[in-house]
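Everything below concerns the one structure shown next.
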Amino acid sequence: MSRQIALLRGINVGGRNAFPKARQLELARSLGLREVTVLLQTGNLVFADPGTPPERTAHRIEERILAELGLTVPVVVRTRDELAAAIAGNPFPQAVPEPKTLHVTFLSGVPADTARLDALDAEAFVPDRFRLIGRELYLWCPQGIGRSKLADAVGRARLGVTATSRNWNTVTKLLALADA
């Protein structure tokens with residue numbers, strides 16, 4: 001059976017938007033999602049594909065979180081195959097041995113306007129690198145994301161779509177769960 005992966009943005013971060021793992025599981029099941037697994041506390045749900053388009057699944061989850069918890073939590077959903085394609089499309093394979101240095105920002109759609117991102121002088125941020133490919137923005141920070149000026153600059157380059165990031169460890173674990 002195919003799977004979908006829901007990525008919730010900004011929960012359980014810095015004491016904001018408290019949404020415990022057990023409650024995430026309960027909420028997903030209340031939506032009729034089956035075979036649900038929650039990875040980590042930060043909003044990563046893997047479940048049997050309900051046959052609903054991913055964008056509609058995301059909207060249903062957002063609505064339920066708002067109705068039940070009073071939280072506005074943007075959600076991005078990918079199918080198992082879309083997640084596998086994002087992994088296969090990694091433009092920074094040299095980063096894989098150090099997976100904490102590689103992040104993928106999942107976007108709700110292809111940005112219509114990338115002018116702010118295009119305006120970044122990539123050479124000014126070396127050794128950090130980024131690349132936008134469709135609905136994924138890859139960010140490689142060999143010295144860590146915490147001190148990366150590029151990560152900050154990319155984060156400020158508003159793309160007009162919902163965005164949520166995961167490190168490479170989490171991305172590959174999500175695919176493993178979807179394949180289990």
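The values are calculated or read from the model by the stated rules, or taken from the named source; none is laboratory data. A quick note: this is a predicted structure, and the numbers were derived from the prediction, not measured. All Cβ positions, glycine included, derive from the backbone under ideal geometry; neighbour counts span all protein chains shown.
Write out, first by first residue and then by second, each pair whose Cβ atoms fall under 6 Å of each other, whose residues are 6+ apart or on separate chains, and whose first residue, in the range 47-76, is over 15 Å from Val161 (Cα atoms) while the second is β-branched (Val, Ile, Thr) and assigned to a helix (DSSP H, G or I).
That search, which allows pairs on different chains as well, returns Leu71/Ile65.
Between Ala86, Ala151, which is within 20 Å of Ala6 (Cβ to Cβ) and either small (Gly, Ala, Ser) or exposed (fewer than 12 other Cβ atoms within 10 Å of the Cβ) (or both)?
Matching residue, one of Ala86, Ala151: Ala86.
Within the range 137-180, restricting attention to residues that are outside any helix (DSSP H, G or I) and of a type in the set (Lys, Arg), which residue is farthest from Val110 (Cα to Cα)? I'd like the intermediate steps shown before the answer.
Here is the first cut: in the range 137-180, the ones outside any helix (DSSP H, G or I) are 137-148, 157-167, 180.
Now drop any that are not of a type in the set (Lys, Arg), which leaves 147, 158, 166.
On the way: Arg147: 28, Arg158: 13, Arg166: 18 Å.
Checked the range 137-180; the qualifying residue farthest from Val110 (Cα to Cα) is Arg147.
Please work out if Arg56 is assigned by TED's automatic domain parsing to the domain that holds Val38 and surrounded by fewer than 13 Cβ atoms within 10 Å (Cβ to Cβ).
Taking the combined requirement at face value, the residue satisfies it.
Of the numbered conditions (1) at pLDDT 95 or above; (2) surrounded by fewer than 19 Cβ atoms within 10 Å (Cβ to Cβ); (3) not charged (D, E, K, R), Gly70 fails exactly one; give the number of that condition.
(1)
Just to be sure I understand, how many residues within the range 121-135 are outside any loop (DSSP other than H, G, I, E, B) and either closer than 22 Å to Gly89 by Cα or under 18 Å from the mean Cα position of the chain (by Cα) (or both)?
Looking only at that region, the number is 6.
Of everything in the range 154-171 that's of a type outside the set (A, V, I, L, M) and surrounded by 15 or more Cβ atoms within 10 Å (Cβ to Cβ), which residue is nearest to Thr72 (Cα to Cα)?
The residue in question is Thr162.
On the given criteria, is Pro142 farther than 24 Å from Asn44 by Cα, surrounded by 15 or more Cβ atoms within 10 Å (Cβ to Cβ), touching a helix residue (DSSP H, G or I) at 6+ places or on another chain (Cβ under 9 Å) and not charged (D, E, K, R)?
When the stated conditions are applied, Pro142 passes them.
Can you name the helices (runs of 4 or more DSSP H) wholly within the range 50-120 that have at least 2 residues being over 17 Å from Ala178 (Cβ atoms)?
Output list reads 54-69, 115-118.
Determine which member of the set Thr114, Thr101, Thr164 is touching a Leu at 6+ places or on another chain (Cβ under 6 Å), outside the structural domain of Ile11 (by TED's automatic domain parsing) and either within 30 Å of Ala48 (Cβ to Cβ) or touching a residue at least 40 places away in the same chain (Cβ under 8 Å) (or both).
Being touching a Leu at 6+ places or on another chain (Cβ under 6 Å), outside the structural domain of Ile11 (by TED's automatic domain parsing) and either within 30 Å of Ala48 (Cβ to Cβ) or touching a residue at least 40 places away in the same chain (Cβ under 8 Å) (or both) holds for just one of Thr114, Thr101, Thr164, which is Thr164.
Please tell me if Asp113 is surrounded by 14 or more Cβ atoms within 10 Å (Cβ to Cβ) and either closer than 28 Å to Lys149 by Cα or modelled with pLDDT under 95 (or both). Can you show your working first?
Values: surrounded by 14 or more Cβ atoms within 10 Å (Cβ to Cβ): no; either closer than 28 Å to Lys149 by Cα or modelled with pLDDT under 95 (or both): yes.
Judged against the criteria, Asp113 is not a match.
Testing Ala48 on (1) at positive phi; (2) in contact with a Lys or Arg (Cβ under 8 Å, 6 or more places away or on another chain); (3) of a type in the set (Gly, Ala, Ser), one condition comes back false. Which one is that?
Every condition holds for Ala48 apart from (1).
Given Leu83, Leu137, Leu102, which one is touching a Phe, Trp or Tyr at 6+ places or on another chain (Cβ under 6 Å) and under 27 Å from Ile11 (Cα atoms)?
Result of the check over Leu83, Leu137, Leu102: Leu102.
Checking Ala88 against (1) at pLDDT 95 or above; (2) over 30 Å from Leu25 (Cβ atoms), only one condition comes out false. Which one?
So the condition that Ala88 fails would be (2).
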